[in-house]
Amino acid sequence: QGISNLTSWTIGLSTFIISIFVLLLWIPLKQKPGMGTILNAFIIALTIEFSVYYLPYPQYYPLQVLQVVIGVLTIGIGSGFYLIANLGAGPRDGLMIGLQKISNLPIYSIRTSIEVSVVIIGSLCLLNNIEKLLGEVVGLGTAIFTLGIGPSVALGITIVGRLSKK
């Protein structure tokens with residue numbers, strides 16, 4: 001969202017461009033893209049591009065928090081489905097898998113570390129007065145996503161993996 005504010009790009013295009021950049025981070029990890037990798041980059045960008053105008057925006061703060069929590073859980077379960085299908089991880093999930101392979105740390109730790117790193121980089125921009133350029137803040141929704149997406153993806157992989165073996 002901050003990149004979108006900084007450039008004349010839409011949020012969907014910004015998401016796609018960042019996905020391409022993240023794919024470049026796969027090279028030293030020797031990750032190989034699949035059909036799902038390319039589809040993920042396009043589908044996520046298009047979904048964000050068009051759904052942002054139609055998603056409800058609750059007026060009450062507790063409902064906003066609930067919406068974020070439901071979103072994080074939905075992403076986690078969805079990640080489990082497409083990662084277990086083994087058609088190629090999306091850019092961020094491929095980075096997570098590549099780092100997990102070389103570090104042997106749990107998936108939730110790796111994904112949380114990636115998200116915390118991104119928040120730190122964004123926060124450094126805020127601290128250096130780039131917030132006028134990026135125009136975003138780190139709020140409770142950011143914290144919930146940052147700390148919740150790793151465990152949610154790990155849970156999604158575990159649940160879908162067990163269900164697919166039955």
Working only within the range 4-14, note down all residues that are open to solvent by less than 60 Å² (accessible area, probe 1.4 Å), touching a Leu at 6+ places or on another chain (Cβ under 9 Å) and in a helix (DSSP H, G or I).
S4, G12, S14
Counted residues, the range 136-166 - those being polar (S, T, N, Q) and open to solvent by 20 Å² or more (accessible area, probe 1.4 Å):
3
Tally, over the range 17-35, of residues that are open to solvent by less than 50 Å² (accessible area, probe 1.4 Å) and under 15 Å from the mean Cα position of the chain (by Cα):
3
When you check I102 against the structure, is it modelled with pLDDT of 90 or more, within 16 Å of S19 (Cβ to Cβ) and out of contact with any Pro (no Cβ under 8 Å at 6 or more places or on another chain), yes or no?
no
Residue satisfying condition, being within 23 Å of T10 (Cβ to Cβ) and in contact (Cβ under 8 Å) with a residue 24 or more places away in the chain, within set I102, I44
I44
Just wondering, is there one or more residues in the range 50-67 that are open to solvent by less than 90 Å² (accessible area, probe 1.4 Å), modelled with pLDDT under 95, among the hydrophobic types (A, V, I, L, M, F, W, C) and within 25 Å of I157 (Cβ to Cβ)?
no
Tally up the residues in the range 58-80 that are in contact with a helix residue (DSSP H, G or I) (Cβ under 8 Å, 6 or more places away or on another chain) and farther than 24 Å from V116 by Cα, please.
1
Restricting attention to the range 83-94, the residues that are surrounded by 20 or more Cβ atoms within 10 Å (Cβ to Cβ) and over 20 Å from V118 (Cα atoms) number exactly 1
Find all pairs meeting these conditions: Cβ atoms under 9 angstrom apart; at least six residues apart or on different chains; first residue within the range 106-134 and under 16 Å from L25 (Cβ atoms) and modelled with pLDDT of 95 or more; second residue surrounded by 13 or more Cβ atoms within 10 Å (Cβ to Cβ) and acidic (D, E).
R111/D93
Of the conditions (1) open to solvent by less than 70 Å² (accessible area, probe 1.4 Å); (2) under 15 Å from the mean Cα position of the chain (by Cα); (3) within 25 Å of V138 (Cβ to Cβ), I97 satisfies every one except a single condition; which number is it?
(3)
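The values are calculated or read from the model by the stated rules, or taken from the named source; none is laboratory data. These numbers come from a predicted model, not from an experiment. All Cβ positions, even for glycine, are placed from backbone atoms using ideal geometry, and neighbour counts span all protein chains on display. Accessible surface areas use protein heavy atoms only, side chains included; no ligands, DNA or RNA. Shrake-Rupley method; radii C 1.70, N 1.55, O 1.52, S 1.80 Å.
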